[in-house]
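Here the structure comes first, spelled out in structure tokens, and everything after it is commentary.
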Amino acid sequence: ITTSVCIIGSGPAGLLLSQLLANEEIDTILLDRKDRAYIEGRIRAGVLEQGTVTALEEAGAADRLHREGLPHEGFELAFDGERHRIDLTGLTGKTVTVYGQTEMTKDLFEKRMQQGQRFFFNVDDVKPSDLKSDRPRVHFTHEGQHVTVECDYIAGCDGFHGVSRQAIPADVLRTYERVYPFGWLGILVEKPPVSHELIYANHDRGFALASMRSNTRSRYYIQCDASDDVADWSDDRFWEEFATRLGPDAAASLQTGPSFEKSIAPLRSFVAEPMRYGNLFLAGDSAHIVPPTGAKGLNLAVADVRLLHRALALHYRHGKDDLIDAYSETVLRRVWKVERFSWQLSTLMHQFPENSDFEKRMQRAEFDYLRSSEAASRAIAENYVGLPLD
Ligand code: FAD
Ligand code: DHB
């Protein structure tokens, strides 16, 4: 089989790339080791930057997002129950939009299916090869058959555990990593959110985040031990801990109920360089992971895809490879800034087992500084709404 761009991974990065390329009449094939229902069901991110919304508009997949997404003009930071609002719109003129990754993925799948996108689901043994040749290939098994796709370019959108990054020779690939000594326990509950804006809270007992998926569905998280099992966390235990960490003021309006999703995610910072090797490009979680504080993971994946789309469009439309040649460097410059922000906000908002009283006072001083300085608050705000593409 042949195509222009073979995209490994049909998560948000792969789907969006295929849609943006389809809009330019550039042919793609999408592969995934899972199926559509599984991918649509993965509960993950919930906050979209304005640039991410723009990308979905450009893709032609933003109608439902505009109807159902919730625009947010600010969010709150809380320390031991004291609260500070970051006025995103006042400080940056921008907003963010609450719209689940599940919904964004459904919208993109629907549009790709309508337009007859070629998909291979439930594939195994995916192997990119001939990356340095002008005819790279992707080999895999599908329904017991061996399949080879021949293409111009391969886009590695296969997430952190994918094969694309591993296809870059070890003497070329450099990786940078920090694993945090805790996880996030998250639940979904069919109750209105505790506040109309998100609250990120640091408390002696650990971090908590009050988020939402709609005006009737809440998404709440607490910092937990990396070794905890969801089975250790009954709903009652979760609610007690969550309310304590939010503080009495916010917790007064908390509506509790049975959770219908409960999972633990580890926290990690990770970057792989370069993000291009021959005719293979990495985009999204295949190249980098951020800790979830600040809601950057999905938005960063979308920013990579926007730059990759521009680079490929320039090649196919005008035969120019300038943006392709600059891709890795351009994209990584932005990636590192977003890594920095996610690391900083994580460092500010969590209880680290190794922290001495000194570090705790540093966290508190940073919070007090944010409360007293518009410049410091604006620095948080401009990162939260999303840095410019280049
Ligand atoms: P993915 O969504 O991981 O998609 C990769 C796709 O590739 C998957 O469909 C996978 O099945 C497929 N694949 C993997 N290996 C292969 C292979 N060998 N062959 C073929 N296909 C393959 N971000 C936030 O901003 N906020 C959050 O609250 C948040 N929570 C998260 C919770 C969890 C548990 C995780 C894992 C991530 C979370 N993220 C969050 C991050 C965000 O969801 C990701 O940044 C985003 O999904 C990245 O999109 P992607 O398309 O690059 O990768
Ligand atoms: C959500 C996740 C985040 O990591 C975050 O910073 C904000 C919101 C969420 O899942 O709703």
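Which count do you get for residues in segment 162-198 that are outside any loop (DSSP other than H, G, I, E, B), farther than 30 Å from Val138 by Cα and within 15 Å of ligand 1 (Cβ to nearest atom)? Full working, then the answer.
Within segment 162-198, the first condition is being outside any loop (DSSP other than H, G, I, E, B), and the residues that meet it are 165-167, 174-189.
Restricting the remaining residues to those that are farther than 30 Å from Val138 by Cα gives 178-189.
If we keep only those that are within 15 Å of ligand 1 (Cβ to nearest atom) as well, we get 179-180, 182-188.
Residues in segment 162-198 being outside any loop (DSSP other than H, G, I, E, B), farther than 30 Å from Val138 by Cα and within 15 Å of ligand 1 (Cβ to nearest atom): 9 in total.
Results for (1) among the aliphatic types (A, V, I, L, M); (2) surrounded by 19 or more Cβ atoms within 10 Å (Cβ to Cβ); (3) not in a loop (DSSP other than H, G, I, E, B), shown as yes or no for each residue.
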| residue | (1), (2), (3) |
| --- | --- |
| Arg237 | no, no, yes |
| Glu240 | no, no, yes |
| Thr256 | no, no, no |
| Phe260 | no, no, yes |
| Ser263 | no, no, yes |
| Ala295 | yes, yes, no |
| Leu312 | yes, yes, yes |
| Tyr316 | no, no, yes |
| Asp325 | no, no, yes |
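So is Gly41 farther than 30 Å from Leu348 by Cβ, buried (at least 22 other Cβ atoms within 10 Å of the Cβ) and either at pLDDT below 95 or small (Gly, Ala, Ser) (or both) or not? Full working, then the answer.
On the way: farther than 30 Å from Leu348 by Cβ: yes; buried (at least 22 other Cβ atoms within 10 Å of the Cβ): no; either at pLDDT below 95 or small (Gly, Ala, Ser) (or both): yes.
So Gly41 fails the test.
Got at least one residue in segment 74-90 being assigned to a loop (DSSP other than H, G, I, E, B), surrounded by 17 or more Cβ atoms within 10 Å (Cβ to Cβ) and touching a residue at least 12 places away in the same chain (Cβ under 8 Å)? Before you say what the answer is, go through the steps one by one.
Applying the first criterion (assigned to a loop (DSSP other than H, G, I, E, B)) to segment 74-90 yields 74, 80-81, 87.
In the following step, the residues that additionally are surrounded by 17 or more Cβ atoms within 10 Å (Cβ to Cβ) were identified as 74.
With the extra rule that they be touching a residue at least 12 places away in the same chain (Cβ under 8 Å), the set shrinks to 74.
There is at least one residue in segment 74-90 that is assigned to a loop (DSSP other than H, G, I, E, B), surrounded by 17 or more Cβ atoms within 10 Å (Cβ to Cβ) and touching a residue at least 12 places away in the same chain (Cβ under 8 Å).
Going by the conditions given, is Gly41 within 13 Å of ligand 2 (Cβ to nearest atom) and not hydrophobic (A, V, I, L, M, F, W, C)? Before you say what the answer is, go through the steps one by one.
Values: within 13 Å of ligand 2 (Cβ to nearest atom): no; not hydrophobic (A, V, I, L, M, F, W, C): yes.
Taking the combined requirement at face value, the residue does not satisfy it.
Every residue in segment 150-161 that is in contact (Cβ under 8 Å) with a residue 40 or more places away in the chain and either basic (Lys, Arg) or surrounded by fewer than 24 Cβ atoms within 10 Å (Cβ to Cβ) (or both), please. Talk me through it step by step, then tell me what you get.
To start, the set of residues in segment 150-161 that are in contact (Cβ under 8 Å) with a residue 40 or more places away in the chain comprises 150-160.
Residues satisfying the conditions are Glu150, Cys151, Asp152, Gly159, Phe160.
Among the residues of segment 267-275, is any within 28 Å of His84 (Cβ to Cβ) and surrounded by fewer than 20 Cβ atoms within 10 Å (Cβ to Cβ)? Walk me through it before giving the result.
Step one: of segment 267-275, the residues within 28 Å of His84 (Cβ to Cβ) are 267-269.
Subsequent filtering for residues that are surrounded by fewer than 20 Cβ atoms within 10 Å (Cβ to Cβ) retains 268-269.
Yes: segment 267-275 contains one or more residues that are within 28 Å of His84 (Cβ to Cβ) and surrounded by fewer than 20 Cβ atoms within 10 Å (Cβ to Cβ).
Consider Glu25 against the criteria (1) part of a loop (DSSP other than H, G, I, E, B); (2) within 27 Å of Gln145 (Cα to Cα); (3) free of Cβ contacts under 8 Å to residues at least 24 places away in the same chain: it satisfies all of them except one. Which criterion is unmet?
All conditions pass for Glu25, except number (2).
Take segment 74-91 and flag every residue that is over 29 Å from Gln351 (Cβ atoms) and β-branched (Val, Ile, Thr).
Residues of segment 74-91 over 29 Å from Gln351 (Cβ atoms): 89-90.
Within segment 74-91, Thr89 is the sole residue that qualifies.
Hey, among Arg36, Arg42, which residue is within 9 Å of ligand 1 (Cβ to nearest atom) and either touching a residue at least 12 places away in the same chain (Cβ under 8 Å) or touching a helix residue (DSSP H, G or I) at 6+ places or on another chain (Cβ under 8 Å) (or both)? Please lay out each step first, then the result.
Numbers: Arg36 fails: within 9 Å of ligand 1 (Cβ to nearest atom).
That would be Arg42, the only listed residue that is within 9 Å of ligand 1 (Cβ to nearest atom) and either touching a residue at least 12 places away in the same chain (Cβ under 8 Å) or touching a helix residue (DSSP H, G or I) at 6+ places or on another chain (Cβ under 8 Å) (or both).
Kindly list the number of the only condition in (1) under 22 Å from Ala295 (Cα atoms); (2) charged (D, E, K, R); (3) without any contact (Cβ under 8 Å) to a residue 12 or more places away in the chain that fails for Asp357.
Asp357 satisfies every listed condition except (1).
May I ask you to list the residues in segment 186-198 that are more than 12 Å from ligand 2 (Cβ to nearest atom) and closer than 18 Å to Trp233 by Cβ?
Val189, Lys191
For segment 248-283, which residues satisfy the criterion of being at pLDDT below 95 and in contact with an Asp or Glu (Cβ under 9 Å, 6 or more places away or on another chain)?
If the condition is that a residue be at pLDDT below 95 and in contact with an Asp or Glu (Cβ under 9 Å, 6 or more places away or on another chain), then Asp249, Ala250, Phe260 are the ones that fit.
Do you know which residues across segment 121-142 are of a type in the set (Gly, Ala, Ser) and in a loop (DSSP other than H, G, I, E, B)?
At the first step, the residues of segment 121-142 found to be of a type in the set (Gly, Ala, Ser) are 129, 133.
Answer for segment 121-142, where residues must be of a type in the set (Gly, Ala, Ser) and in a loop (DSSP other than H, G, I, E, B): just Ser133.
What are the pairs, 6+ residues apart or on separate chains, where a residue within segment 125-141 that is on the phi > 0 side of the Ramachandran plot has its Cβ under 7 Å from a residue that is surrounded by 14 or more Cβ atoms within 10 Å (Cβ to Cβ) and part of a loop (DSSP other than H, G, I, E, B)?
Hits for this filter: Asp130/Pro136.
The values are calculated or read from the model by the stated rules, or taken from the named source; none is laboratory data. Here the structure is a predicted model, which means the values were calculated and not measured. Cβ atoms come from the backbone with ideal geometry, glycine included; neighbour counts cover every protein chain shown.
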